[in-house]
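Participant: Pasting in a structure now, in structure tokens, and then I'll have a few things to ask.
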Amino acid sequence: MIDIERVQRRVIRTLVLAQILGGIGLGATVSVGALLAAEVSGENALSGMASTMSTLGAAIIALPLARLAMRRGRGFALAAGSILGIAGAVLATVSAALGSFPLLIVAFLLTGVIGATNLQARFAATDLAQPDRRGRQLSVVVWSTTIGAVLGPNLIGPGEALGAALGLPTLTGPFIFTVAAQVAATVVYLVGLRPDPLLTAIGSRTPEESRPARGGFATLRHNPLARYAVTTVALSHATMVAVMAMTPVHLYSHGATLELVGFALSLHIAGMFALSPVFGWLADRVGRLQVILIGQATFAASLLLAGFVSHSEAGVTLSVTLLGVGWSASVIAGSTVVAESAEGPDRAALQGVSDLTMNAVAALSGALAGPVLVAIGYSGLGFVTIALVGFVTVWTIIRLTAQESRLVPGSRIRSQR
């Protein structure tokens with residue numbers, strides 16, 4: 001007889017350690033990606049291809065990783081994602097040595113798999129979680145990414161020194177840390193996720209849940225709660241990406257120092273992750289939909305600040321900090337709803353669709369943000385983006401109202417099913 005509580009504690013410890021390693025790999029890659037793209041291509045205008053291709057890579061691999069998890073387990077799927085990330089880091093070094101920009105594009109697609117792997121890990125935390133702990137356990141795994149994400153960019157200097165000692169091309173040194181971190185993460189996934197949480201959950205299905213899987217997109221068509229949850233996560237992520245893609249450009253073009261730009265980005269990242277456990281706890285205690293509304297209200301405050309005080313460096317810094325906090329509340333609670341809006345064989349497939357949608361919409365919003373900035377400025381970008389917040393807010397209020405109308409007076413629920 002498997003002790004589910006003991007297995008779940010082991011799963012969370014494993015995922016936290018692997019997320020720290022994954023964050024280091026992703027942070028070290030993202031920190032030099034734009035610079036490497038500009039150097040290899042010879043065009044500064046192509047520097048944005050690093051983040052665009054990485055995001056696209058994460059979107060492309062989301063469904064295959066979810067399907068692999070259903071067949072072979074979370075540990076195998078997450079380890080496979082880490083191995084693809086290793087291949088991307090090695091290929092980035094080779095492409096720099098050869099001066100091949102097309103090859104570098106492929107490398108960025110593969111390094112994007114690291115991000116997709118990190119995203120799928122948050123759902124692995126929910127496979128065996130009790131309903132009243134799903135939000136907290138998912139949020140702890142998301143929070144642990146902060147350590148690696150903050151540490152990764154600080155490895156640029158040491159990475160370059162190590163790369164120079166090994167005779168590697170300029171700017172490719174940090175990829176050494178990416179490879180090392182992903183190798184370690186691969187081992188952690190394969191060793192730590194035993195027994196596998198998803199396969200264990202599948203093995204304990206009721207006869208009603210043992211039917212063949214419909215697939216993620218079919219689940220969206222038949223499941224209104226799944227449609228709501230996937231849309232909420234995707235649009236919340238798109239809101240954040242659209243503004244943050246242009247914030248460094250806006251600040252720097254208006255005279256801000258690189259140090260101030262870096263400080264604003266650091267506060268934004270802190271807003272995204274530092275309060276994750278708080279929002280996970282709130283999602284379990286007061287409800288998923290209520291926390292999503294908190295996130296959307298924080299988004300609205302952030303975007304109004306961006307719209308009205310875009311000329312102020314302090315105002316923009318506060319705005320992007322709130323933007324990170326809004327993302328945290330909305331995505332933590334929204335991902336929890338995704339995790340519990342489908343049962344049995346449909347769950348992992350739906351999670352893959354959610355990650356695919358999240359990354360695809362983010363890539364689109366990031367690409368559109370540039371033309372919007374040129375056309376109507378940073379203030380206009382803030383005001384336009386608030387439409388996404390309004391859409392999610394109205395849909396959430398409608399669902400919350402319908403949910404409360406079904407409650408028996410004095411009863412209390414913690415799941416949004």
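Participant: Sum up the charges of everything whose Cβ sits under 13 Å from the Cβ of ARG72, counting Lys and Arg as +1 and Asp and Glu as -1, but leave ARG72 out. Don't jump to the answer; show the numbers that get you there.
Facilitator: Working: positive: ARG67, ARG71, ARG74, ARG194; negative: ASP196.
Result for the local shell: +3.
Participant: Determine the distance separating the Cα centre of segment 135-185 from the Cα centre of segment 323-394; give it in Å without decimals.
Facilitator: Taking the Cα centre of each part, segment 135-185 and segment 323-394 sit 26 Å apart.
Participant: Using the alpha carbons of segment 64-157, what is the convex hull volume per residue in cubic angstrom, as a whole number?
Facilitator: On the way: hull volume 9.0 nm³, N = 94.
About 96 Å³ per residue, rounded to a whole number.
Participant: For LEU293, what is the net charge nearby, where nearby means another residue's Cβ is under 14 Å from its Cβ and Lys, Arg count +1, Asp, Glu -1?
Facilitator: Details: positive: ARG288, ARG399; negative: GLU404.
With Lys, Arg at +1 and Asp, Glu at -1, the net is +1.
Participant: Further, regarding this structure: Hey, if you put +1 on the Cβ of every Lys and Arg and -1 on every Asp and Glu Cβ in segment 1-204, which of THR186, LEU151, ILE114 ends up farthest toward the positive end of that dipole?
Facilitator: Of THR186, LEU151, ILE114, it is THR186.
Participant: While we're here: Answer rounded, prolate or oblate for segment 315-364, using the Cα gyration tensor with square roots of eigenvalues a ≥ b ≥ c: rounded when a/c is under 1.5, else prolate when a/b is larger than b/c, else oblate. Walk me through the numbers on the way to the answer.
Facilitator: On the way: a/c = 6.42, a/b = 2.05, b/c = 3.13.
Taking the square roots of the gyration eigenvalues as a ≥ b ≥ c, segment 315-364 is oblate.
Participant: Got a sec to turn the phi values of segment 369-379 into Karplus ³J(HN,Hα) couplings, 6.51 cos²θ - 1.76 cosθ + 1.60 with θ = phi - 60°, whole Hz, x for Gly and Pro?
Facilitator: The phi angles translate into 4, x, x, 5, 4, 5, 6, 10, x, 5, 4 Hz.
Participant: With +1 assigned to the C-beta of every Lys and Arg and -1 to the C-beta of every Asp and Glu, and no other charges, what is the dipole magnitude of segment 251-368 about the Cα centre in debye, to the nearest 20? Show your work: numbers first, answer last.
Facilitator: Numbers: 3 positive and 7 negative charges, 31 e Å.
Charge dipole of segment 251-368: 140 debye, to the nearest 20.
Participant: Calculated from DSSP H runs of 4 or more alone, at -39500 (n - 2.57) each and per residue, what is the 222 nm mean residue ellipticity of the chain, nearest 500?
Facilitator: Numbers: 15 runs with 337 residues, N = 417.
Value at 222 nm, helices only: -28500 deg cm²/dmol.
Participant: Same structure, new question: Expressed as a whole percent, how much of the Cα-Cα distance distribution for segment 192-316 exceeds 18 Å? Kindly include the intermediate steps, with their values, before the conclusion.
Facilitator: Details: 5351 of 7750 pairs.
So the pairs more than 18 Å apart make up 69 percent of the total in segment 192-316.
Participant: Something else now. Of all alpha-carbon pairs in the chain, indicate the percentage at a distance above 31 angstrom. Mind dumping the intermediate values first?
Facilitator: Values: 31524 of 86736 pairs.
More than 31 Å apart: 36 percent of the Cα pairs in the chain.
Participant: While we're here: Tell me, what is the percent relative contact order of the chain, built from C-alpha pairs under 8 Å that lie six or more residues apart? Please report the intermediate quantities before stating the final value.
Facilitator: Working: 765 pairs, mean separation 98.2, N = 417.
Computed value for the chain: 24 percent relative contact order.
Participant: Can I ask one more? Work out the length of the dipole vector of the chain about its Cα centre, built from +1 on the beta-carbon of each Lys and Arg and -1 on the beta-carbon of each Asp and Glu, and round it to the nearest 20 debye.
Facilitator: Working: 26 positive and 18 negative charges, 295 e Å.
Dipole about the Cα centre, nearest 20: 1420 debye.
Participant: So what's segment 214-417 giving for Rg/Rh, alpha carbon basis, Kirkwood Rh from the mean inverse pair distance?
Facilitator: Values: Rg = 17.6 Å, Rh = 17.4 Å.
Using Cα coordinates only, the ratio equals 1.01.
Participant: Got a sec? How would TRP327, TRP395 order by Cβ neighbour count within 10 Å, fewest to most?
Facilitator: Numbers: TRP327 24, TRP395 18.
Going from sparsest to densest Cβ surroundings: TRP395, TRP327.
Laboratory data are not the source of any read-out in this text; all were calculated from the coordinates shown. Note that the structure is predicted; figures quoted are calculated from it, not measured. In this analysis, Cβ positions are derived from the backbone assuming ideal geometry, glycine residues included, and neighbour counts consider all displayed protein chains.
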